[in-house]
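These notes concern the structure reproduced below.
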Amino acid sequence: MKLNSGQLPWESTFKDRPSYPSLEGDLSCDCLIVGGGMGGAMMAYRLSLSGASAVLIDKREIAGGSSHANTGLLQIANDKSLTACINTFGEANGVLFYKLCKEALDNILDLPGKLDIDPQIIPRSSLLYASTPEDVPLLRQEHETLTAHGFHSEFWGADKVREHYSFSKPAALYSKGDAETNPFRTVHSLIHKAHSGGVRIYEHTRAIRYEYHADGVTCYTDRGSIFAKKVIFSMGYETQEMKKDRGAELINTYAIKTRPLAKLPKWHEQSLLWETARPYLYFRTTPEGCIIAGGKDEQLTDPERREVRVLSQCRQLLEEVEALFPEVKGVEAEYAWGAVFGTTRDGLPLIGPHPEYPHCYFIEGYGGNGTVYSMIAADLLADTLAGRERPELELFSLTRSAKPSPAPAVEA
Ligand SMILES: Cc1cc2nc3c(=O)[nH]c(=O)nc-3n(C[C@H](O)[C@H](O)[C@H](O)COP(=O)(O)OP(=O)(O)OC[C@H]3O[C@@H](n4cnc5c(N)ncnc54)[C@H](O)[C@@H]3O)c2cc1C
C-alpha cells in the first residue's frame, strides 16, 4: 500500500539515525514483532525491559510507514469525547478508556529520561475550541463530564480565548497533561533502546506468509524464516491487506509544516489546538518555531490522485493557519504531505488476539491518538505475554460488537 505522498517532514530532522541489517537465514525467538512503526517500537521497548527473546522486522526502514507522516500531537482527549464514549460504551468503559489514555500519556512523558536518543517529547497544554456557537453547549457538557471524572479541564469563554490567542472563538476547553513529539525520532529512539536491550532488529525484511503450529508460528520472509512462540502484528493500516476488520475504515488526510518563523504568533503556551467540527483541523508548533497544521480529510483515493490533491488540500491548510493567526500572513509550507489514515466506527483502537490467528496479537492503533494507543497496546500486551491478565483488552477486542458491554473487572 502506498501510505504517504508529498514531502514528509521528519527524516531531515534525524539524518544520522541508526540503521539495521536485513535478515539473512533462519532464526527462532519467543516473540516476533512484525512492523517497526510506533506500535512495534513501543512493543519492542517494553519487551526489552523484561529481557524477552524478541525479534522485530520491517519491510521498509524503521519508521518508514505511517509513523513518518504522524504530526506528533499526543493527547488524553480523543476524537470521540468522553461524553460520547460514555453514551456508547457505558460510564465504566468510557471512563476506563480515558483513564488508559491518561496513563499512557504519563508513560510517554516519562520516556525521555529512559532513552539514549532524544525523542523530543515536550509537555504541552491543549485547546479544543468550538467551531461554531452551536457547539458551545457540547463543550460545556464535555467540560462537566471530564471534571466529574477527575480529568483536568477549564471552560474558557470567548473573552478568555481572545486574551490568549490571536483568534476569536465562541468558547474552548483548555486542558493540561498533553504533549508533542517528533514521532520519527521517538520510534528510532525506542527501537535503538530495545536493540541495546537485546531485541534483534531487521529492516527491509518482508513477512510474506505464516504457518501456524501447536507451539507457535513460522513466519516466512523474503530473507529467511523466523519461528516464534508468539507474534505481534503491528503493521499499521496495511494490516487491512492481511485481514479486513469490520469496524475499520481508511481515509486520506493531509498536513503541512511551515518554514521556521522569525517569531511565533500570539499562541498561549504553544498549546496543541483542535476544534469541535468533524472532520477537524489541528495545529501545533515545533521547537524550531514552525507551525504544523493537519486535517482536510477525504475519502480514500488511489495514491496518484492523492499525490495531486496534496497541493490543493495543503494550500487550504495554509489558509486556515492564516485565518487563525493573521500575523503570519504569507507564511510558506516547507513540507506538504498526504497520507492514508485509519479510523474505527466506534472510535476505539483494535488491540489483542483474533480467533483465526493462534498465538498472535494485533496492534491497530487506528484514530487520531495512534501514538497513545500504541503505548496502551504495548502495556497491555507486554503484561499478557508475561502471563498477567489484562481484562482491559476486552474493550479493544477485534471481534467486539458495537453494543455497550459490562465493564471488565480491573483491579484498582
Ligand atoms: C498525516 C497523519 C497525521 C497523524 N497525526 C497523528 C498525531 O498527531 N498523533 C498521533 O498519535 N497519531 C497521529 N497519526 C496516526 C499515527 O501516525 C499512527 O497511529 C501511527 O503512526 C501508527 O503506527 P503503526 O506502528 O501502527 O503503523 P506504521 O508506522 O505504518 O508501522 C507499521 C510498519 O509495518 C511495516 N509492515 C507492514 N507490513 C509488513 C510486512 N508484511 N512485513 C514487514 N513489515 C511490514 C510497515 O513497513 C510499517 O513500517 C497520524 C497519521 C497520519 C497519516
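Can you pull out every residue in the range 234-258 that is open to solvent by 60 Å² or more (accessible area, probe 1.4 Å) and under 20 Å from Thr384 (Cβ atoms)?
The answer is none; no residue qualifies.
What single numbered condition from (1) at pLDDT 95 or above; (2) surrounded by fewer than 20 Cβ atoms within 10 Å (Cβ to Cβ); (3) not polar (S, T, N, Q) fails to hold for Tyr366?
For Tyr366, the exception is condition (2).
Which ones in the range 204-214 are within 11 Å of the ligand (Cβ to nearest atom) and either more than 20 Å from Gly236 (Cα to Cα) or in contact with a Lys or Arg (Cβ under 8 Å, 6 or more places away or on another chain) (or both)?
Residues satisfying the conditions are His204, Thr205, Arg206, Ala207.
Could you identify the single residue in His152, His143 that is away from the ligand (no atom under 16 Å from the Cβ), of a type outside the set (Gly, Ala, Ser), at negative phi and in contact with a Lys or Arg (Cβ under 7 Å, 6 or more places away or on another chain)?
His152
Looking at the range 273-305 only, could you name the residues that are in contact with a Gly (Cβ under 7 Å, 6 or more places away or on another chain) and open to solvent by 60 Å² or more (accessible area, probe 1.4 Å)?
Within the range 273-305, Pro279 is the sole residue that qualifies.
Could you tell me which of the residues Leu111, Leu82 is within 14 Å of Met42 (Cβ to Cβ) and at pLDDT 95 or above?
So the residue among Leu111, Leu82 that is within 14 Å of Met42 (Cβ to Cβ) and at pLDDT 95 or above is Leu111.
Would you be able to say whether some residue in the range 317-337 is in contact with a strand residue (DSSP E or B) (Cβ under 8 Å, 6 or more places away or on another chain) and within 30 Å of Leu393 (Cα to Cα)? So that I can check it myself, show each step before the final result.
Going residue by residue through the range 317-337, those that are in contact with a strand residue (DSSP E or B) (Cβ under 8 Å, 6 or more places away or on another chain) are 317-318, 320-321, 324-325, 328, 331-337.
Add one more test, that the residue is within 30 Å of Leu393 (Cα to Cα), and what stays is none.
Scanning the range 317-337 turns up no residue that is in contact with a strand residue (DSSP E or B) (Cβ under 8 Å, 6 or more places away or on another chain) and within 30 Å of Leu393 (Cα to Cα).
Can you tell me which residues in the range 236-288 are hydroxyl-bearing (Ser, Thr, Tyr) and closer than 19 Å to Arg315 by Cβ?
Thr253, Tyr254, Thr258, Tyr280, Tyr282
So Ser28 fits all but one of (1) more than 12 Å from the ligand (Cβ to nearest atom); (2) crowded, with 16+ Cβ neighbours inside 10 Å; (3) of a type outside the set (D, E, K, R); what number is the exception?
(2)
Hey, could you check the range 289-305 for residues that are in a loop (DSSP other than H, G, I, E, B) and modelled with pLDDT of 95 or more and say which is nearest to Thr343 (Cα to Cα)?
Cys290
Would you check if there is a residue in the range 78-87 being in contact with a strand residue (DSSP E or B) (Cβ under 7 Å, 6 or more places away or on another chain), within 16 Å of the ligand (Cβ to nearest atom) and open to solvent by less than 30 Å² (accessible area, probe 1.4 Å)?
no
What number goes with the only condition from (1) in contact with a strand residue (DSSP E or B) (Cβ under 9 Å, 6 or more places away or on another chain); (2) in contact (Cβ under 8 Å) with a residue 24 or more places away in the chain that Pro355 does not pass?
Failed condition: (1).
Do we find a residue being open to solvent by less than 20 Å² (accessible area, probe 1.4 Å), near the ligand (Cβ under 10 Å from one of its atoms) and assigned to a strand (DSSP E or B) anywhere in the range 259-272?
yes
For the range 91-101, check the following and say yes or no: at least one residue is touching a residue at least 24 places away in the same chain (Cβ under 8 Å), near the ligand (Cβ under 10 Å from one of its atoms) and open to solvent by less than 50 Å² (accessible area, probe 1.4 Å).
No.
Looking only at the range 306-363, how many residues end up being in a loop (DSSP other than H, G, I, E, B), open to solvent by 40 Å² or more (accessible area, probe 1.4 Å) and in contact with a Lys or Arg (Cβ under 7 Å, 6 or more places away or on another chain)?
2
Considering each of Val231, Val199, Val217, Val187 in turn, give the residue that is under 26 Å from the mean Cα position of the chain (by Cα), open to solvent by less than 10 Å² (accessible area, probe 1.4 Å) and away from the ligand (no atom under 12 Å from the Cβ).
After ruling out the rest, the residue left standing is Val199.
Can you pull out every residue in the range 116-166 that is in a helix (DSSP H, G or I) and surrounded by 15 or more Cβ atoms within 10 Å (Cβ to Cβ)? Walk me through how you get there before you give the answer.
First, the residues of the range 116-166 that are in a helix (DSSP H, G or I): 133-148, 158-164.
Correct list: Asp135, Val136, Leu138, Leu139, Glu142, His143, Thr145, Leu146, Ala158, Lys160, Val161, His164.
The values are calculated or read from the model by the stated rules, or taken from the named source; none is laboratory data. From a predicted model like this one, the values you see are computed outputs, not experimental measurements. Don't worry about glycine lacking a Cβ; one is built from the backbone with ideal geometry, like all the others, and counts go over all protein chains shown. For accessibility, only protein heavy atoms count, side chains too; no ligands or nucleic acids. Shrake-Rupley method; radii C 1.70, N 1.55, O 1.52, S 1.80 Å.
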